[in-house]
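Before any comments, here is the structure.
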Amino acid sequence: LLFPAMGGAFLAAGGWPGWSNLLLLVVTGGLSAAGASAINQSLERDLDGKMQRTRGRPLAHRNQTHGGQADASRCVIVAGGLMIGLPSLAVLPFNPELTVWLLLGATIYIGIYTLWLKRRTPLNIVIGGAAGSAAVLSGSAAAGHWNEPGALLLALLVFVWTPTHFWSLAIAYRDDYARGGFPMLPVQIRSRAAALWVLVHTTGAAFIGLGLATRPVLGWLFLITVIVAAVGLMVLNLRLIALPSRTRALVLFHGSNTYLAVVLLAICVDTLLV
């Protein structure tokens with residue numbers, strides 16, 4: 001979440017956003033993201049314990065070995081809330097836009113995604129991806145221009161990219177998510193059909209990445225980089241459609257991480273060069 005936020009900051013600043021703005025973003029965004037993650041894992045500690053992939057998480061493990069420990073869970077929720085609220089409110093007097101995006105990102109992740117959607121609908125991660133978009137806009141807010149068009153495009157890219165990232169993981173851990181009781185799309189439909197839906201988002205993210213290349217603060221280096229990264233991600237997605245195996249799903253999952261990291265790194269580098 002911090003890396004996309006930095007991408008938003010570099011786009012909003014049209015280059016180097018300044019050490020003070022980056023420090024402000026890292027501290028407030030890092031604390032808020034960590035607090036939201038802690039609350040998420042506290043609320044889902046019972047279901048995490050049912051899944052092979054997540055049963056080793058500290059709260060899930062404690063829940064299994066210490067019979068629940070409700071008091072400890074409440075402490076985690078309070079601490080997580082303070083990690084979100086205190087830094088967000090601290091910046092309110094001089095950067096209310098940053099406060100809004102920090103609080104909105106945490107609210108989407110905890111309230112909308114974790115509590116409302118995740119256990120109810122296969123579209124959970126589609127809407128929950130807006131939390132990542134809020135992170136991007138917290139970065140542009142920290143740089144003093146939250147609604148810079150390039151930052152808005154990057155926020156849209158993260159939103160569209162998120163299902164590629166999570167659904168490829170859910171294809172790999174299809175049985176695990178079924179045991180946990182999460183109605184992820186790959187649990188509801190066949191793996192090949194899920195891979196086709198992933199391709200919709202992969203294609204969308206690729207085109208939005210190309211749209212980013214039209215921004216004046218980005219040049220040929222970004223365009224070439226994003227084309228190569230998009231082609232690589234598309235190839236991995238098509239291979240998964242051809243053979244929807246766990247191995248290929250995990251390759252696409254890691255490839256989606258690489259794609260976003262490459263795009264964000266290219267943004268940071270290219271805005272400094274143009």
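The values are calculated or read from the model by the stated rules, or taken from the named source; none is laboratory data. None of these values were measured; they are calculated from a predicted model. No Cβ is skipped: glycine too gets one built from the backbone with ideal geometry, and neighbour counts run over all protein chains shown. All accessible areas refer to the heavy atoms of the entire protein, side chains included, with ligands and DNA or RNA removed. Shrake-Rupley method; radii C 1.70, N 1.55, O 1.52, S 1.80 Å.
Looking only at region 121-140, filter to residues that are open to solvent by 10 Å² or more (accessible area, probe 1.4 Å) and among the hydroxyl-bearing types (Ser, Thr, Tyr); which one of those is nearest to Phe182 (Cα to Cα)? Across region 121-140, the extreme among qualifying residues is Thr121.
Residues to consider are Ile224, Ile208; find the one that is among the β-branched types (Val, Ile, Thr), in a helix (DSSP H, G or I) and more than 22 Å from the chain's Cα centre (by Cα). Going through Ile224, Ile208 in turn, the sole match is Ile224. Set side by side, the residues Leu59, Leu92 differ, and just one is free of Cβ contacts under 8 Å to residues at least 40 places away in the same chain, aliphatic (A, V, I, L, M), over 26 Å from Thr271 (Cβ atoms) and buried (at least 17 other Cβ atoms within 10 Å of the Cβ), which is Leu59. Of all residue pairs spaced 6 or more apart or on separate chains, those with beta-carbon atoms under 7 Å, a first member in region 234-260 that is open to solvent by less than 80 Å² (accessible area, probe 1.4 Å) and a second member that is in a helix (DSSP H, G or I) and among the charged types (D, E, K, R) are Leu240/Arg248; Ile241/Arg192; Pro244/Arg192; Arg248/Arg239.
With the structure loaded, tell me whether Thr214 is part of a helix (DSSP H, G or I) and not basic (Lys, Arg) or whether it fails that test. Considered against the rule, which asks whether it is part of a helix (DSSP H, G or I) and not basic (Lys, Arg), Thr214 comes out as no.
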